[in-house]
Amino acid sequence: MNWGDSMFLESITAAFILTFLGMLFLIGELLVKMRGLAGLLGMGFIALYFSAHLSNTSFFLMITLFLVALSLIVIDGKILNDGTLSFIGVGLMILAIGLSAPNWVNGLYAVTGIILGMLSSFLFLKVFPKRKMWDKVTLLDRLTSESGYNSMNKQYQSLINKNGVALTDLRPSGTVRVDDQDYSAVANGKWIEKGSEITVTYVDGTKIVVEEVIDNLTPNS
């Protein structure tokens, strides 16, 4: 590498480009199936960023920290699926990149590259087959008819205008019985005492809203 190349790699422009491309391909590799090619490219760009600013000892230290962070994201996506380790992993990546920068301006450009690279990596989902990462926490997967959400919603919709009885006080939430089935329900406005006759007024998703049935007695003339 000549002197001019070295100066460029140490510039704020290079800091942004290298971290952007590094995270673009690394996170893209986690999201879609690219046979490891994107992962190698991503790590190459990140290693080039570290090598431009660090001595040999610091280079291996930061690369190790970065790989640990990447491992946490993989473990979270494959096993835990709660987002906690991914959050920690991203934080460690930003820490490693930021600490490696020679000054705060260079570090700001590098961190910006990381964030934009991560966000841009989701564009790979439009082109390549998706990996099975974070499937357990995907709202779309949890609300499919296979998981019973749609069938439950339709069942609750069928309760509208049906009468039942309050099994507990509704202040405002409680339990009601309609068609010999017990449901959690919410009183619409006025609290309802236990044993009162109720009617289902409307359903919002899986939330059942009821009102007390009040008999209008006509006085004898």
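For this structure, a couple of remarks:
- Candidates Val74, Val68: the one that is closer than 28 Å to Met133 by Cβ and modelled with pLDDT under 95 is Val74.
- Flag: Phe16 matches the condition of being modelled with pLDDT of 95 or more, among the hydrophobic types (A, V, I, L, M, F, W, C) and open to solvent by 30 Å² or more (accessible area, probe 1.4 Å).
- Candidate set from segment 106-128 (those that are at pLDDT below 95 and of a type in the set (Phe, Trp, Tyr)); member that is most open to solvent (accessible area, probe 1.4 Å): Phe122
- Flag for Lys78 being without any contact (Cβ under 8 Å) to a residue 60 or more places away in the chain, among the basic types (Lys, Arg) and either open to solvent by 70 Å² or more (accessible area, probe 1.4 Å) or at negative phi (or both): yes
- Residue selection: Ser147 satisfies the criterion of being at pLDDT below 60, farther than 30 Å from Glu212 by Cβ and among the polar types (S, T, N, Q).
- Exactly one residue out of Val209, Val186 is open to solvent by less than 60 Å² (accessible area, probe 1.4 Å), closer than 30 Å to Asp82 by Cβ and modelled with pLDDT of 90 or more: that is Val186.
- Criterion (within 23 Å of Leu123 (Cα to Cα), free of Cβ contacts under 8 Å to residues at least 40 places away in the same chain and small (Gly, Ala, Ser)) met by exactly one of Gly22, Gly36: Gly36
- Sub-7 Å Cβ pairs linking a first residue in segment 81-105 that is surrounded by 15 or more Cβ atoms within 10 Å (Cβ to Cβ) to a second residue that is assigned to a loop (DSSP other than H, G, I, E, B) and among the aliphatic types (A, V, I, L, M), at least 6 apart or interchain, are Ser100/Leu54, ordered by first then second residue.
Residue by residue, here is whether (1) among the hydroxyl-bearing types (Ser, Thr, Tyr); (2) closer than 19 Å to Val111 by Cβ holds:
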{"residue": "Leu24", "(1), (2)": "no, yes"}
{"residue": "Leu31", "(1), (2)": "no, no"}
{"residue": "Met34", "(1), (2)": "no, no"}
{"residue": "Gly42", "(1), (2)": "no, yes"}
{"residue": "Phe45", "(1), (2)": "no, yes"}
{"residue": "Ser55", "(1), (2)": "yes, no"}
{"residue": "Leu92", "(1), (2)": "no, yes"}
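The values are calculated or read from the model by the stated rules, or taken from the named source; none is laboratory data. Since we're looking at a predicted model, the values are computed, not measured. Cβ: placed from backbone, ideal geometry, glycine included. Neighbour counts: every protein chain shown. Note: accessible area is taken over every heavy atom of the protein model, side chains too, but ligands, DNA and RNA are not part of it. Shrake-Rupley method; radii C 1.70, N 1.55, O 1.52, S 1.80 Å.
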